[in-house]
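The next block holds one structure in the form of structure tokens; read it before the comments.
The values are calculated or read from the model by the stated rules, or taken from the named source; none is laboratory data. Given the structure is predicted, the values throughout are model-derived calculations rather than measurements. Ideal geometry is used to build each Cβ from the backbone, glycine not excepted, and the neighbour counts take in all protein chains shown.
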Amino acid sequence: MSLPAVVPAPAAIQPETGAPFRLGAGTPMTGDADAAAALAAIVEVRTGLSPAGSGREGAIELRVDAPGGGEPESYRIAVDEASVVITGADAAGLFYGVQTLGQLIARDGDAWIIPAVTIDDAPRFAYRGVMLDVARHFHDVATVKGYIDRAASLKMNALHLHLTDDQGWRIQLDSRPALTERASGTAVGGDPGGFYTKADYREIVEYAASRHMIVVPEIDMPGHTHAVGLAYPELAETPVISDHMRDIIRDYGGDEPRAGAPYDGMAVGFSSLKIHDEATYDFVADVFGELAAMTPGPYLHFGGDESLSTSDEDFDVFVTRASAIIADLGKTPVAWHEAGSASQIADTTIGQYWGFVTPQEGAGEKARRFVDNGAQLILSPADAIYLDMKYPNGPALGLTWANGPTSVERAYAWEPSDVVPGVDDSGILGVEAPLWTETVRTAADIDTMAFPRIAAAAEAAWSPATGESDLRTWSSFRQRVGAMGPLWTSMGIGFHPSDEIPWA
Ligand code: TNX
């Protein structure tokens, strides 16, 4: 009996000997109404069978049930000829069981079946994220909802929105209206900008919650803040044009940044908020105070990456104060790993590691500081799961700085507990795949860059550690991902048809 393909690999999967369950028009679904609606939508998209049809051939039962105290987000699936039973330990677990069941649906001649199988599954890490950069190019609410659906189908539970950068400010705030009035109109390459109204943001948060995802808003500081200066010039230092910047401008084109003018290039590291001015911290408090009230999830991300024109001493001062402001709001601060260099960062701050799978130039030490403080890390190793890196033999889209091009195999073949020396599972909150959008303009571009590599990140985040499951090998993964082709196509996902994958 061959093992049905599931991505990310489940903790335990056992093929059974009996006949498969036959899916018919109108197969009754009983139990949890939300889960039944989610499953009906997947069945309909995958098979064309409408759950409202007639003709009954067995039954699907969906329920939340954990009298024995199942792990959060865990589920069990039992399929035989007569029935399909999905039991979630909680609503999220039931939702993930539904996602798995959607992957199990297979063709059998003219019919649709679900093979007889037993699956017991639970996540390895609590935080499983994707990041979308809506600052370099703005992506509208419909596109974000589509990305939420895609990520949730792979059991991701966090959407990190990179809401601000040098090129634009994308979230409307009542306390600081000039940000979107004066700093949201442009994007990289002279493309149009855009921003989310507070109602748009609420809509995204609610849609994400309906797919068991939290939203993690990022306001990047103290660098990556040229757009702030368009709205509030008094808060911003004059752009610093280093030799490094001139190199980047030469490689990627674009003009040098100028104070008071929108920046539409791709260089980084030239902007900084004023560090020794109390007005800056009034601004930080206004921005995060308003975001805290709009964001039910526990995390507020304050960036802290690539502040190349802020001195080390000033960076230290800023990180200390910004992290304290967020902690005082009752939220958990998150920062890119550079902030780990600060002497007094709030000790609850989660670090997001974006160095390489093998840390270079002190990145591992900075990252470990968050764990030494008693907090944890989110791992986003750039040479593995930066979804904005070019593919080998792929489309022109994407960058290459992180050892790119990045193959699907390289996105897959790394183990979270081997990245930062001295940090094992207890110090790892989870895994997140960022998608920066300097070259990524449309929803179709997002699909191409994300799929199939996003599945590698999902498996690192959800599945057992490398070596703890026969499924956690590249040869298993490429087969299982190949089997997802028809499902992804029916979901409208335009994946990159990488020649590394045996597509079904
Ligand atoms: C580095 S990774 C950045 C971003 C760029 C990205 C492009 C990180 C924390 N900062 O500003 O968009 O590279 O890959």
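Things to note:
- Within the stretch 323-358, tally of residues that are closer than 29 Å to TYR412 by Cβ and out of contact with any Ser or Thr (no Cβ under 8 Å at 6 or more places or on another chain): 8
- Selection from the stretch 120-134 of residues that are surrounded by 21 or more Cβ atoms within 10 Å (Cβ to Cβ) and either under 24 Å from VAL440 (Cβ atoms) or of a type in the set (A, V, I, L, M) (or both): TYR127, ARG128, GLY129, VAL130, MET131, LEU132, ASP133, VAL134
- Residue satisfying all of: in the stretch 348-358; assigned to a loop (DSSP other than H, G, I, E, B) and within 14 Å of the ligand (Cβ to nearest atom); surrounded by the fewest Cβ atoms within 10 Å (Cβ to Cβ) among these: PHE356
- Of all residues in the stretch 256-298, those that are more than 16 Å from the ligand (Cβ to nearest atom) and on the phi > 0 side of the Ramachandran plot total 1.
- Residue count for the stretch 216-246 under the criterion of being out of contact with any Pro (no Cβ under 8 Å at 6 or more places or on another chain) and either surrounded by fewer than 22 Cβ atoms within 10 Å (Cβ to Cβ) or assigned to a strand (DSSP E or B) (or both): the result is 20.
- Exactly one residue out of ALA66, ALA9 is in a loop (DSSP other than H, G, I, E, B) and modelled with pLDDT under 95: that is ALA66.
- Residue identified as farther than 30 Å from ALA346 by Cα, in a helix (DSSP H, G or I) and outside the structural domain of GLN99 (by TED's automatic domain parsing) among ALA461, ALA411, ALA465: ALA411
- Criterion: surrounded by fewer than 17 Cβ atoms within 10 Å (Cβ to Cβ), of a type outside the set (Phe, Trp, Tyr) and within 26 Å of GLY430 (Cα to Cα) - qualifying residue of ASP286, ASP255, ASP328, ASP305: ASP328
- Hits in the stretch 292-316 (condition: part of a helix (DSSP H, G or I) and either under 16 Å from LYS366 (Cα atoms) or modelled with pLDDT under 95 (or both)): ASP312, GLU313, PHE315, ASP316
- When the stretch 151-174 is filtered for residues that are in a loop (DSSP other than H, G, I, E, B) and closer than 13 Å to GLY194 by Cα, the ones remaining, listed by number, are LEU163, GLN167, ARG170, GLN172.
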